[in-house]
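As C-alpha cells, the structure follows; a few thoughts come after it.
The values are calculated or read from the model by the stated rules, or taken from the named source; none is laboratory data. As the structure is a computational prediction, the values presented were derived from the model and not from experiment. Every residue, glycine as well, gets a Cβ built from its backbone with ideal geometry; the counts of neighbours run over all protein chains shown. Quick note on the areas: whole protein, heavy atoms, side chains included, nothing else; ligands and nucleic acids left out. Shrake-Rupley method; radii C 1.70, N 1.55, O 1.52, S 1.80 Å.
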Amino acid sequence: MAISPLKAMNGERAVVLIFVLRVLSSLPLALLPHALSLSLLSLFSLVVEIRVDNSPSLFKTRPGASSGIILGAVTLPTVMLSKLIQLSRAVSLQQIEIGELEHMTMQFWAASACSCGVLIFLFIVTWCAANNKNPHFSCSVWDAKFSLSCVILYSAVCCISLATISHTGFNTALKLLWLLCHGFATVKLIQHLLSTFPFCASIGEANLVTSGLVLYFGDMLACTISKVCRLLIPPELVSIRYGIKRSEIGIVIQGVLLGLLIFSAVFKFLIHLWEYFWGANNSESRERKEIWRSLIFLTSLGFIMIAVAPSWMMIVLDFDVHPFIFSEPFKRLSLCIYWLVLIYASVLRFYNISKNSKIERILLRKYYHLLAVLMFLPALIYQPKFLDLAFGAALAVFLVLEIIRVWRIWPLGQLVHQFMSAFTDHRDSDLIIVSHFSLLLGCALPIWMSSGFNDRPLTPFAGILSLGIGDTMASMVGHKYGVLRWSKTGKKTIEGTAAGITSVLAACSVLLPLWASTGYFLTKHWFPIFIAVTTSGLLEAYTTQLDNAFIPLVFYSLLCL
C-alpha cells in the first residue's frame, strides 16, 4: 500500500527538499541535465527512505537515529553541483580553464553514481524482504515502477551529459564504466561498514562516508593511472590527461591518507601472519606479546609513511623538494605554539571536568566546538595554506590514535580508550568513535573545497560558523532556556535554533571586511546568506543524523550560490 507524500513528509525531509530546491533554482540553463538528475535522485531517495523506515530492521544502524537516506543520498551530489555553479561563473568570466569545469562535472556524476548505487541496493533489499512475504512490510508495484523509471531516466540523462564532454564514443563508454565502478565500490563498502561496525552509524551517515571515501580515493587512482601512463607511454603515441593542476599540499594530504589506508591493511595482515607462524604456539607472557605487536605496528607504520607514501607523492607530482620539507617553517612556529598551548590547556581542563562534574556530555562537547573556533578562525584569516596542511596532519594523527585505540596497541591503547571514552555520547560506541573526526572534517572540508577559484569569500568559514558558533549556541541556549520544542519526541527547541541562526548571522556581519575587499557587497548577497543560515539552522533542529558531518556541507553548498 502506497503512502501519501503529505503523510510521509517530516521535518528533516522537508528541510532537505528545501535545500535541494534552493540549489536547483540557482542553476544556469547549461546545467539543466544535472538539475534533472539531482531531482530524480531526490525523488528516488525519498521513496527508498519511506520504504526502509516502514520496514522491519534490515540493518544494524545507530539507535535513536532515523535512516537519513535522503539526506545522505543528496548531500554530496548537491555539494558538487553547487561547486559546478560556482565554476560555471568563472568560465563565463574566463577566469579558469574549461578543463576544471569538466573535471568537476565528472566529480558530480561520480558522487551521484555512488548515491544511486546505494539507493538501488537498498531498494532491492527491501523488495526482497517484501517478496519473502514479511507480514510487517509491503512494497507496492507503484513504488517499483516509479523507482525503475527514475533509474532509467537518470541513466539516460547521465549518458547524454557525458557525451557532451567526451570527444569519442569510446571516451563516453570509458567514463560510464568509471561511474559504474564508483557505484559498485560504494555498495560493497557500505555493506562492509554496516556489518563490521554495527550500531555505529545510520544508513545516511554510512552513505555519506562511503561515497566520500570512494570519490576521494577514486580521484587519487585516476590521477595515478593518468600519470603512470604518461610516464610509461611515449607522448607521441597517447595523450592522457586527468583532472586539474594539483597543489603540493593537496597531494601531501592525499598521500598521507593513502599511506594510512595501506598501513591498516598491511598491519592486519602482518598480525595474522605473526600469530599463525609464531604467536599461537608461543608460551611467552602476554606483556611480551603486546610488545611484539607494538613493534610490528611502529615498524610497518614508519616504513609506509616514510617510504611508500612519499614515493606515491613523487610519482603523481613533481616536487622540488621532499614532500615533507617546506620552505620558511619558522614563520608558522608561533601559530603551532599557540595551538599546542590551547590544546594542552583545554583538553586537560575539559578532561578533569568530564570526570568530576555533572555537566551533560552534549554541553561538554560543545566546548570543543568553541575551541575549534579559537584555533581555526585566526589561522584561516592569516595562514590559510598552512591551515590546509595542519588539518591533514590532525586527521592523520586522529586516524593513528583510533587505530591504536581499536587494536589496543601497547602502551597507549588502553590510555587512549579511557581518555576518548570521557567525551563520548549516544552517537559513539566502543567499536569506533567518530565525533572528533566529524568535527575536524566539518571544519576542514569547506576550506579544502574552497581552494582554487572562489568568488564567495564566506564559503571557507562554513564549517567554523555552523559548528563552532551556530551549533554551539543552539545547544547551550536550547538546553538552558529552551521551552518550545520542534517536535513531541525530539529535544531540539525553537529558542535554541533561533539563537544558533542569530549567532551565525552576527558572525557573518563581523566578517564584512572580507566581503568589501573582494567586491562582495552586503546589499546584493544578504538575502541568499540569510536563506543559507536559516536552512542549515533548521536542518540542525530537525535532523537526527550526525550534524557535524551534514550541516557544514549543506551550509557550504548554499553559500556557493
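Are there any pairs with C-beta distances below 7 angstrom linking a residue in the range 234-263 that is within 15 Å of Ile304 (Cβ to Cβ) and among the polar types (S, T, N, Q) to a residue that is at pLDDT 70 or above and part of a helix (DSSP H, G or I), with the two at least 6 apart or on different chains, and if so which?
Close Cβ pairs (under 7 Å, with a partner that is at pLDDT 70 or above and part of a helix (DSSP H, G or I)) amount to Gln254/Met220.
I need the full set of residues from the range 443-487 which are assigned to a helix (DSSP H, G or I), aromatic (Phe, Trp, Tyr) and open to solvent by 30 Å² or more (accessible area, probe 1.4 Å), in order please. Break it down stepwise before answering.
Residues of the range 443-487 that are assigned to a helix (DSSP H, G or I), as a first pass: 443-449, 459-481.
Those left that are additionally aromatic (Phe, Trp, Tyr): 448, 461, 481.
Passing the criteria: Trp448, Tyr481.
Output the residue which, of all residues in the range 214-248 that are of a type in the set (Gly, Ala, Ser) and modelled with pLDDT of 55 or more, is nearest to the chain's Cα centre (by Cα). Please lay out each step first, then the result.
Here is the first cut: in the range 214-248, the residues of a type in the set (Gly, Ala, Ser) are 218, 222, 226, 239, 243, 247.
Right, trim to modelled with pLDDT of 55 or more and you get 218, 222, 226, 247.
Details: Gly218: 15, Ala222: 20, Ser226: 25, Ser247: 20 Å.
Going through the qualifying residues, I end up with Gly218.
Just the residues that are open to solvent by less than 20 Å² (accessible area, probe 1.4 Å) and either at pLDDT 75 or above or under 23 Å from the mean Cα position of the chain (by Cα) (or both), please, taken from the range 257-289. Spell out how you get there, then give the answer.
The initial filter retains those residues of the range 257-289 that are open to solvent by less than 20 Å² (accessible area, probe 1.4 Å), namely 259-260, 263, 267, 271, 279.
Within the range 257-289, Gly259, Leu260, Phe263, Phe267, Ile271 qualify.
Quickly run through the range 9-22 and pick out the residues that are open to solvent by less than 40 Å² (accessible area, probe 1.4 Å), of a type in the set (A, V, I, L, M) and over 19 Å from the mean Cα position of the chain (by Cα). I'd like the intermediate steps shown before the answer.
Keep residues of the range 9-22 that are open to solvent by less than 40 Å² (accessible area, probe 1.4 Å), which gives 11-16, 19-20.
Checking the rest, the ones that are also of a type in the set (A, V, I, L, M) come to 14-16, 20.
Correct list: Ala14, Val15.
For Ala498, work out the one condition from (1) in a helix (DSSP H, G or I); (2) modelled with pLDDT under 85; (3) more than 28 Å from Asp388 (Cα to Cα); (4) among the aliphatic types (A, V, I, L, M) it doesn't fulfil.
Among (1) in a helix (DSSP H, G or I); (2) modelled with pLDDT under 85; (3) more than 28 Å from Asp388 (Cα to Cα); (4) among the aliphatic types (A, V, I, L, M), Ala498 violates only (2).
Just one of (1) touching a residue at least 24 places away in the same chain (Cβ under 8 Å); (2) of a type outside the set (Asp, Glu); (3) part of a helix (DSSP H, G or I); (4) within 22 Å of Thr75 (Cα to Cα) trips up Lys175, so point out which.
The failed condition is (4).
Among the residues of the range 147-170, write down those that are assigned to a helix (DSSP H, G or I), β-branched (Val, Ile, Thr) and surrounded by 15 or more Cβ atoms within 10 Å (Cβ to Cβ). Outline the logic, then answer.
Step one: filter the range 147-170 for residues assigned to a helix (DSSP H, G or I), giving 147-164, 169-170.
Right, trim to β-branched (Val, Ile, Thr) and you get 151-152, 157, 160, 164.
Selection gives Val151, Val157.
Could you list all residues from the range 202-226 that are in contact with a Ser or Thr (Cβ under 9 Å, 6 or more places away or on another chain) and either closer than 14 Å to Leu76 by Cβ or open to solvent by 20 Å² or more (accessible area, probe 1.4 Å) (or both)? Step through it out loud before you land on a result.
Taking the range 202-226 and keeping what is in contact with a Ser or Thr (Cβ under 9 Å, 6 or more places away or on another chain), we get 202-208, 210-211, 213-215.
Within the range 202-226, Gly204, Glu205, Ala206, Asn207, Leu208, Thr210, Ser211, Leu213, Val214, Leu215 meet the criteria.
Return the pair list, or none, for Cβ contacts closer than 8 Å from residues in the range 123-136 that are open to solvent by 40 Å² or more (accessible area, probe 1.4 Å) to residues that are modelled with pLDDT under 65 and not polar (S, T, N, Q), at least 6 apart or on different chains.
Trp127/Cys139
Could you tell me whether any residue of the range 68-89 is modelled with pLDDT under 85, in a helix (DSSP H, G or I) and open to solvent by 30 Å² or more (accessible area, probe 1.4 Å)?
Here is the first cut: in the range 68-89, the residues modelled with pLDDT under 85 are none.
No, that holds for no residue.
Matching residues to (1) at pLDDT 85 or above; (2) open to solvent by less than 60 Å² (accessible area, probe 1.4 Å); (3) basic (Lys, Arg):
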residue: Phe319; (1), (2), (3): no, yes, no
residue: Phe324; (1), (2), (3): no, no, no
residue: Tyr351; (1), (2), (3): no, yes, no
residue: Lys358; (1), (2), (3): no, no, yes
residue: Ile381; (1), (2), (3): no, no, no
residue: Asp388; (1), (2), (3): yes, yes, no
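For the range 183-204, name all the residues that are hydrophobic (A, V, I, L, M, F, W, C) and outside any helix (DSSP H, G or I). Reasoning before the result, please.
From the range 183-204, those hydrophobic (A, V, I, L, M, F, W, C) are 184-185, 187, 189-190, 193-194, 197, 199-201, 203; that's our starting set.
Correct list: Phe197, Phe199, Cys200, Ala201.
Is it fair to say Ser438 is of a type in the set (Ser, Thr, Tyr), outside any loop (DSSP other than H, G, I, E, B) and at pLDDT 90 or above? Step through it out loud before you land on a result.
Details: of a type in the set (Ser, Thr, Tyr): yes; outside any loop (DSSP other than H, G, I, E, B): yes; at pLDDT 90 or above: no.
No, not satisfied.
From the list Ile464, Ile403, Ile381, Ile447, which residue is among the aliphatic types (A, V, I, L, M) and either farther than 29 Å from Trp526 by Cα or in contact with a strand residue (DSSP E or B) (Cβ under 7 Å, 6 or more places away or on another chain) (or both)?
Values: Ile464 fails: either farther than 29 Å from Trp526 by Cα or in contact with a strand residue (DSSP E or B) (Cβ under 7 Å, 6 or more places away or on another chain) (or both); Ile381 fails: either farther than 29 Å from Trp526 by Cα or in contact with a strand residue (DSSP E or B) (Cβ under 7 Å, 6 or more places away or on another chain) (or both); Ile447 fails: either farther than 29 Å from Trp526 by Cα or in contact with a strand residue (DSSP E or B) (Cβ under 7 Å, 6 or more places away or on another chain) (or both).
On inspection, the qualifying residue turns out to be Ile403.
Please go through the range 360-378 and give me each residue that is at pLDDT below 70 and surrounded by fewer than 17 Cβ atoms within 10 Å (Cβ to Cβ), ordered by number.
Glu360, Arg361, Ile362, Leu363
Show the residue pairs meeting these rules: Cβ distance below 8 Å; 6+ apart or different chains; first residue within the range 326-344 and over 12 Å from Phe376 (Cβ atoms) and modelled with pLDDT under 65; second residue part of a helix (DSSP H, G or I) and open to solvent by 90 Å² or more (accessible area, probe 1.4 Å).
Partner pairs satisfying both residue conditions: none exist.
Looking only at the range 51-65, filter to residues that are surrounded by 22 or more Cβ atoms within 10 Å (Cβ to Cβ) and not basic (Lys, Arg); which one of those is nearest to Ser26 (Cα to Cα)?
Taking the range 51-65 and keeping what is surrounded by 22 or more Cβ atoms within 10 Å (Cβ to Cβ), we get 51-52, 61-62.
Filter once more, keeping what is not basic (Lys, Arg): 52, 61.
Working: Val52: 31, Thr61: 35 Å.
Looking at residues that are surrounded by 22 or more Cβ atoms within 10 Å (Cβ to Cβ) and not basic (Lys, Arg), I get Val52.
Just to be sure I understand the filter: pairs with C-beta atoms under 9 Å, separated by 6 or more residues or on different chains, first member in the range 22-48 and basic (Lys, Arg), second member assigned to a helix (DSSP H, G or I). Which pairs pass?
What qualifies is Arg22/Pro528; Arg22/Ile531; Arg22/Ala532; Arg22/Thr535; Arg22/Ser557; Arg22/Leu558.
Identify the residue in the range 180-201 that is among the aliphatic types (A, V, I, L, M) and in contact with a Leu (Cβ under 8 Å, 6 or more places away or on another chain) and, among all such residues, is least open to solvent (accessible area, probe 1.4 Å).
Residues of the range 180-201 that are among the aliphatic types (A, V, I, L, M), as a first pass: 180, 185, 187, 189-190, 193-194, 201.
Retained after the next criterion (residues that are in contact with a Leu (Cβ under 8 Å, 6 or more places away or on another chain)): 189, 201.
Values: Leu189: 56, Ala201: 21 Å².
Out of the qualifying residues, it is Ala201.
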